[in-house]
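Contents: one structure, followed by commentary.
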Amino acid sequence: MTMKSAQRLAQKSAGLTSRAGRKLSVRVNAKLVQKAEYIWQDGQEGAIHKGFTFNELRSKTKTFEADMGLDPTNYPDWSYDGSSTAQAKGNNSDLIIRPVRVAPDPIRGAPHVLIMCEVYSPDGVPHPTNTRAGLREVCEHPVVKASDSWFGFEQEYTMLDGKTQRVFGWPSSGFPTPQGPFYCGVGSESVYGRPLAEAHMEACMQAGLNISGINSEVLPGQWEFQIGPVGALDLGDEVHLARWLLHRLGEDYGIVSTFHPKPVKGDWNGTGAHTNYSSKEMRVPGGMVAIDAAVEKLSKTHAEHISQYGLQNDQRLTGAHETCDINTFKHGVADRGSSIRIPLPVMLKGYGYLEDRRPSANVDPYTVARLLLKTILT
């Protein structure tokens with residue numbers, strides 16, 4: 001091969017020469033080193049029109065020529081087609097996603113990241129589905145700022161077989177043994193889906209999320225993970241990132257995780273998101289005074305909270321299966337049939353936290369935090 005032939009071959013391989021013999025100009029990019037998964041809410045978790053299995057989280061990947069680190073301000077805003085997520089009309093469909101929290105990506109590995117985003121309309125105003133913006137506003141209140149509020153979120157979910165849509169591990173027809181042996185159980189006769197639950201916990205830990213534990217639940221095939229204690233904005237950011245990881249890992253296991261509040265009708269437990277709350281006043285000796293005052297305030301805003309504590313929650317809050325009836329507010333010590341539970345160790349010590357047992361598994365964690373802060377502190 002002559003030198004000229006070799007040069008022509010090299011040009012063609014590099015895409016520099018067209019079939020017509022014309023010389024082409026190509027831009028050679030610097031090496032791309034980082035993948036960033038931009039994640040946002042479509043605001044329709046639990047919506048009836050989405051069906052039993054579909055969740056509200058959306059995401060897409062952007063690449064960068066350098067490791068941009070973990071500071072969300074280092075990452076640019078991006079946009080997406082809001083008409084394809086039922087958040088905008090087709091004639092004005094571009095919506096903006098703005099990074100607010102960055103975490104290491106435990107699936108792709110370093111230096112790749114997961115980015116939780118807020119959604120904005122084209123005019124720069126928070127989109128109606130941007131519930132984080134409303135929480136941010138409440139967090140700016142002087143009393144809220146001074147409260148040093150902590151949250152813990154108990155996210156229950158039910159695993160479904162990705163092909164049959166039946167609860168994962170259940171027989172192909174009929175039902176398993178009535179519930180009783182499954183809560184915090186061990187053994188293949190008692191526990192279904194542990195590999196996914198363990199992989200999810202490990203992923204959350206590697207992502208730097210404050211996941212404080214997991215356990216199998218009362219309904220066989222149902223699990224729970226806990227996020228916290230964390231602040232209000234971190235609560236929503238970390239719960240959503242943890243939910244995204246659960247759904248993403250489910251792709252690898254052929255498992256769909258649903259947050260439907262009553263995935264199986266009949267004598268089976270529902271699926272909730274009990275939320276623990278404390279202010280610094282509650283966490284010191286004598287804090288029961290502040291806890292009792294908070295419960296009294298919550299009793300007067302029950303309807304407001306219930307209206308925003310998750311869709312189809314009436315199927316779960318029936319007064320049975322460790323719930324209080326949706327139209328009733330009551331509180332009690334160690335009472336899992338109450339709206340607000342005071343854990344027994346808290347009562348014995350005289351300080352600690354309260355547990356709001358009303359939120360459904362499909363509740364928006366930003367909304368729960370906003371309502372608790374607004375009712376108790378402002």
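Summary table
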read-out: Test for R101: is it of a type in the set (D, E, K, R), surrounded by 12 or more Cβ atoms within 10 Å (Cβ to Cβ) and under 16 Å from the mean Cα position of the chain (by Cα); value: yes
read-out: Test: residue in the range 333-343 that is of a type in the set (S, T, N, Q), more than 22 Å from the chain's Cα centre (by Cα) and over 28 Å from G43 (Cα atoms); value: yes
read-out: Options N327, N362; residue that is over 27 Å from K145 (Cα atoms) and open to solvent by less than 20 Å² (accessible area, probe 1.4 Å); value: N362
read-out: Total residues in the range 66-97, condition more than 23 Å from V33 (Cβ to Cβ), open to solvent by 60 Å² or more (accessible area, probe 1.4 Å) and either touching a residue at least 24 places away in the same chain (Cβ under 8 Å) or charged (D, E, K, R) (or both); value: 5
read-out: The range 181-199: number of residues that are touching a residue at least 24 places away in the same chain (Cβ under 8 Å) and open to solvent by 60 Å² or more (accessible area, probe 1.4 Å); value: 3
read-out: One residue from L235, L245 being touching a strand residue (DSSP E or B) at 6+ places or on another chain (Cβ under 6 Å) and buried (at least 24 other Cβ atoms within 10 Å of the Cβ); value: L235
read-out: Selection status of L135, of a type in the set (A, V, I, L, M, F, W, C), in contact with a Pro (Cβ under 8 Å, 6 or more places away or on another chain) and crowded, with 19+ Cβ neighbours inside 10 Å; value: no
read-out: Failed item, numbered, when A294 is tested on (1) of a type in the set (A, V, I, L, M); (2) free of Cβ contacts under 8 Å to residues at least 40 places away in the same chain; (3) more than 17 Å from A361 (Cα to Cα); value: (2)
read-out: Residues that are open to solvent by 20 Å² or more (accessible area, probe 1.4 Å) and either closer than 21 Å to R316 by Cβ or of a type in the set (D, E, K, R) (or both), drawn from the range 338-359; value: R341, K349
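Condition check ((1) open to solvent by less than 60 Å² (accessible area, probe 1.4 Å); (2) touching a Phe, Trp or Tyr at 6+ places or on another chain (Cβ under 9 Å); (3) among the β-branched types (V, I, T)) across all residues:
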{"position": "S149", "(1), (2), (3)": "yes, yes, no"}
{"position": "G162", "(1), (2), (3)": "yes, yes, no"}
{"position": "V167", "(1), (2), (3)": "yes, yes, yes"}
{"position": "F175", "(1), (2), (3)": "no, yes, no"}
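For (1) over 29 Å from R98 (Cα atoms); (2) open to solvent by 10 Å² or more (accessible area, probe 1.4 Å), each residue gets a yes or a no:
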position: P229; (1), (2): no, yes
position: I255; (1), (2): yes, yes
position: T258; (1), (2): no, no
position: K262; (1), (2): yes, yes
position: Y277; (1), (2): no, no
position: M282; (1), (2): yes, no
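The values are calculated or read from the model by the stated rules, or taken from the named source; none is laboratory data. Just so you know, these numbers come straight off a predicted model, no measurement behind them. As a convention, Cβ positions derive from the backbone with ideal geometry for all residues, glycine included, and neighbour counts pool all protein chains shown. Accessible surface is based on the protein model in full, side chains and every heavy atom, while ligands, DNA and RNA are left aside. Shrake-Rupley method; radii C 1.70, N 1.55, O 1.52, S 1.80 Å.
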